[in-house]
Amino acid sequence: MTSTALLLAGLFADLGPPPPAGELVPGTVVSVEADRSGRPVSALLSIDSSDGPVYCGIYREAFPGEHIPPPQTRLTVDYTPTACAPAPVSRELPRWLLLSTGGGGLALMAAYLHRARPITWGRFMESWTRGYIGRGA
């Protein structure tokens, strides 16, 4: 069942990143703000939006792994007039991994069923009456 679900998820799942809240624009890290202990807390970015150049701050928690990029780093920013954030990134498994895992599982299951002979009603009832199925219940 799991291999079939993985195969279907690989075929039909939408694995793209989530849609941005605003517009995706280029930005440059101007400075990194630190707290009292010297640990980086936020980054100040200069953004080239459709309204002109804008400054925007992004807290450490918004960055992947909570690592703030160093100054002068160029990155894509999801900008709205009230906030900004790093561009959305897909955190789901890649499609090729789902397809290969699901296809491999189905192939192994088919090979096992071919080797073990198909389960028929007669073979099922014979196993049931001998106690091979449901013994612990």
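The values are calculated or read from the model by the stated rules, or taken from the named source; none is laboratory data. Only a predicted model underlies this, so the values are computations on that prediction, with no experimental measurement involved. Note that we place each Cβ from the backbone using ideal geometry, even for glycine, and neighbour counts take in every protein chain shown. Only protein heavy atoms, including side chains, enter the accessible area calculation; ligands, DNA and RNA are left aside. Shrake-Rupley method; radii C 1.70, N 1.55, O 1.52, S 1.80 Å.
Observations on the structure shown:
- Taking θ as phi - 60° and the Karplus parameters 6.51, -1.76 and 1.60, the scalar couplings of segment 29-41 work out to 6, 8, 8, 10, 8, 10, 8, 4, 7, x, 7, x, 10 Hz in sequence order, x denoting glycine and proline.
- Under Karplus coefficients 6.51, -1.76 and 1.60, residue-wise ³J(HN,Hα) of segment 115-123 in Hz, glycine/proline x: 6, 7, 6, x, 7, 10, 4, x, 5
- Portion, in percent, of the accessible area of segment 41-89 that falls on carbon or sulfur, probe 1.4 Å: 57
- Ligands, DNA and RNA are left out, and with a 1.4 angstrom probe the accessible area of segment 44-101 is 65 Å² per residue.
- Listed residues GLU23, GLU33 arranged by accessible area, highest first, probe 1.4 Å: GLU33, GLU23
- Kirkwood-type radius of segment 14-114, with distances r between different C-alpha atoms, in Å: 16.1
- Only Lys, Arg, Asp and Glu carry charge here, each on its Cβ (+1 for the first two, -1 for the last two); on that basis segment 25-74 has a dipole of about 160 debye about its Cα centre.
- Positive-end extreme of charge dipole, segment 48-111 - chosen from CYS56, ALA107, ILE68 (charges on Cβ): ALA107
- Distances between placed amide hydrogens fall under 5 Å for GLY22 paired with TYR79, all partners being 5 or more residues away or on another chain.
- Database remark: amide H of GLY57 closer than 5 angstrom to the amide H of LEU45 (H placed geometrically; neighbours at sequence offset of 5 or more, or on other chains; Pro and chain starts carry no H).
- Here segment 61-132 is treated with +1 on each Lys and Arg Cβ and -1 on each Asp and Glu Cβ, and its dipole about the Cα centre works out to around 620 debye.
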